[in-house]
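Visitor: Here it is: the structure, laid out below.
The values are calculated or read from the model by the stated rules, or taken from the named source; none is laboratory data. Just so it is clear, the model here is predicted, and its values are computed rather than measured. Using ideal geometry, Cβ is built from the backbone for each residue, glycine included, and neighbour counts are taken over all protein chains shown. In case anyone asks, the SASA skips ligands and DNA or RNA and just uses the protein heavy atoms, side chains included. Shrake-Rupley method; radii C 1.70, N 1.55, O 1.52, S 1.80 Å.
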Amino acid sequence: MKPISLRPANIPLPYFDFLLEQLNRGEPMVQQAFGRHVHWGYWPYPKQADGSVEDFAIASERLCQRVIAAAGVKEGDRVLDVGCGFGGTIASLNEQFHTVNLTGLNIDSRQLARARQTIKPLNQNQIEFVEADACQMPFADASIDVVLAVECIFHFPSRVAFFQEARRVLRPGGRLGLCDFVSTPFFQTFQNVTAQLGVKLANPVYGRVDSSFTLADYKTLACETGFSLRLQEDITRNTLPTYPVVCHVFEQMNYSKAVKATATAGLLSRLGLLRYQILSFAI
Ligand SMILES: C[S@@+](CC[C@H](N)C(=O)[O-])C[C@H]1O[C@@H](n2cnc3c(N)ncnc32)[C@H](O)[C@@H]1O
């Protein structure tokens with residue numbers, strides 16, 4: 001594969017700088033773990049996770065399938081995947097459906113370049129990749145059937161602006177399917193106190209991460225922006241095997257800052273302070 005330019009994104013995403021460098025080098029472990037999807041895994045029976053990178057890649061595919069199912073994607077739909085990473089969700093949709101119109105949107109042109117190189121339309125599907133901010137989308141009003149946001153909203157400048165944009169571009173009957181890290185009220189208070197004390201919990205590896213939103217905040221936001229909740233599933237327990245395997249991959253690559261950041265998120269998740277939710281909304 002042609003090496004992708006390493007010019008950084010216009011918002012700092014240090015873990016993507018690292019991933020792109022490793023992928024350009026052809027590093028097989030990073031390719032297997034993150035070459036398609038850059039998100040956590042879903043294990044229906046978490047005790048059966050075997051800790052291997054292969055098992056993690058299968059679990060990552062399962063997670064994206066669950067978000068696709070939650071949003072009710074069907075043949076003929078125009079689907080927009082915001083924060084599309086290397087296009088893994090677009091690739092899954094392309095393999096699963098025959099007549100869908102797929103658009104992947106990302107703020108980082110380097111990720112889009114990789115997606116364009118690796119994903120070609122199958123059957124009668126159409127695919128395009130667009131460089132833009134999920135909070136200012138270059139699409140007409142009421143032009144899309146399904147908006148997906150797989151593990152990316154915490155990076156966006158504003159959840160409110162993103163929901164307003166998703167509502168604007170969706171057709172009547174349209175759906176929004178997402179998965180996100182969602183805070184508990186206790187964790188929110190804890191974060192507020194630490195912020196007031198000037199203590200920074202965020203680790204620079206993952207860039208801007210806003211994990212302050214609770215499930216109640218999501219429900220209020222949906223209501224205020226004209227969405228109704230279709231489905232809510234707390235899958236925290238099903239994602240927990242992700243943490244040791246992702247830490248292992250980063251350890252093998254000597255990316256110690258990422259090991260620390262991932263282990264901290266793992267601890268917060270095991271303590272139940274940080275939850276992982278799949279949510280689906282309709283208009
Ligand atoms: C954890 S990755 C998830 C990627 C992909 N959804 C997946 O599941 O493989 C987060 C993604 O959000 C993208 N992103 C961050 N801020 C964005 C923004 N404001 N607008 C669009 N995409 C953004 C990043 O470039 C990255 O691709």
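Visitor: Is the stretch 246-253 home to any residue that is under 21 Å from the mean Cα position of the chain (by Cα) and open to solvent by 30 Å² or more (accessible area, probe 1.4 Å)?
Guide: yes
Visitor: Filter the stretch 10-34 for residues that are in contact (Cβ under 8 Å) with a residue 60 or more places away in the chain and outside any helix (DSSP H, G or I) and give the result.
Guide: Asn10, Ile11, Pro12, Leu13, Glu27
Visitor: Now a separate question. Quick one: in the stretch 74-91, of everything that is open to solvent by 20 Å² or more (accessible area, probe 1.4 Å) and of a type outside the set (Gly, Ala, Ser), which residue is nearest to the ligand (Cβ to nearest atom)?
Guide: In this case the residue turns out to be Arg78.
Visitor: Those residues that are in contact with a Leu (Cβ under 6 Å, 6 or more places away or on another chain) and assigned to a helix (DSSP H, G or I), I need them from the stretch 164-181; list them, please.
Guide: Ala166
Visitor: Give the residues of the stretch 53-69 that are open to solvent by 10 Å² or more (accessible area, probe 1.4 Å) and touching a helix residue (DSSP H, G or I) at 6+ places or on another chain (Cβ under 7 Å), sorted by residue number.
Guide: If the condition is that a residue be open to solvent by 10 Å² or more (accessible area, probe 1.4 Å) and touching a helix residue (DSSP H, G or I) at 6+ places or on another chain (Cβ under 7 Å), then Val53, Glu54, Ala57, Glu61, Gln65 are the ones that fit.
Visitor: Output the qualifying pairs, or none if there are none: Cβ atoms under 8 angstrom, residues six or more apart or on different chains, first residue in the stretch 105-119 and farther than 20 Å from Val79 by Cα and in contact (Cβ under 8 Å) with a residue 12 or more places away in the chain, second residue assigned to a helix (DSSP H, G or I) and within 9 Å of the ligand (Cβ to nearest atom).
Guide: Arg110/Phe16
Visitor: Restricting to the stretch 258-283, name every residue that is in a helix (DSSP H, G or I) and over 26 Å from Phe163 (Cα atoms).
Guide: Within the stretch 258-283, Ala258, Val259, Lys260, Ala261, Thr262, Ala263, Thr264, Gly266, Leu267, Leu268, Arg270 qualify.
Visitor: Residues in the stretch 35-58 that are touching a residue at least 40 places away in the same chain (Cβ under 8 Å), within 17 Å of the chain's Cα centre (by Cα) and part of a helix (DSSP H, G or I): how many?
Guide: The number of residues fulfilling the criteria is 1.
Visitor: Next up: For the stretch 146-161, indicate whether the set of residues that are in contact with a strand residue (DSSP E or B) (Cβ under 9 Å, 6 or more places away or on another chain), loosely packed, with under 14 Cβ neighbours inside 10 Å and at pLDDT 95 or above is non-empty.
Guide: No, there is no match, as no residue in the stretch 146-161 is in contact with a strand residue (DSSP E or B) (Cβ under 9 Å, 6 or more places away or on another chain), loosely packed, with under 14 Cβ neighbours inside 10 Å and at pLDDT 95 or above.
Visitor: Right, here's the next one. Go through the stretch 59-143 and tell me which strands (runs of 3 or more DSSP E), entirely inside it, have 2 or more residues that are closer than 20 Å to Lys2 by Cβ, touching a Gly at 6+ places or on another chain (Cβ under 8 Å) and of a type outside the set (Phe, Trp, Tyr).
Guide: Output list reads 101-106, 126-131.
Visitor: Something else now. When you go through Asn101, Asn106, Asn94 one by one, which is the residue that is more than 9 Å from the ligand (Cβ to nearest atom), open to solvent by less than 30 Å² (accessible area, probe 1.4 Å) and of a type in the set (S, T, N, Q)?
Guide: Asn94
Visitor: Just the residues that are within 14 Å of the chain's Cα centre (by Cα), within 10 Å of the ligand (Cβ to nearest atom), within 15 Å of Leu176 (Cα to Cα) and among the hydrophobic types (A, V, I, L, M, F, W, C), please, taken from the stretch 134-161.
Guide: Initial filter on the stretch 134-161 (within 14 Å of the chain's Cα centre (by Cα)): 134, 147-156, 159.
Next, only the ones that are within 10 Å of the ligand (Cβ to nearest atom) stay: 134, 148-156.
Going one step further and asking which of them are within 15 Å of Leu176 (Cα to Cα), we end up with 134, 148-153.
Passing the criteria: Ala134, Leu148, Ala149, Val150, Cys152, Ile153.
Visitor: Whether any residue in the stretch 258-267 is aliphatic (A, V, I, L, M) and without any contact (Cβ under 8 Å) to a residue 12 or more places away in the chain is what I want to check.
Guide: Yes, the conditions are met somewhere in the stretch 258-267.
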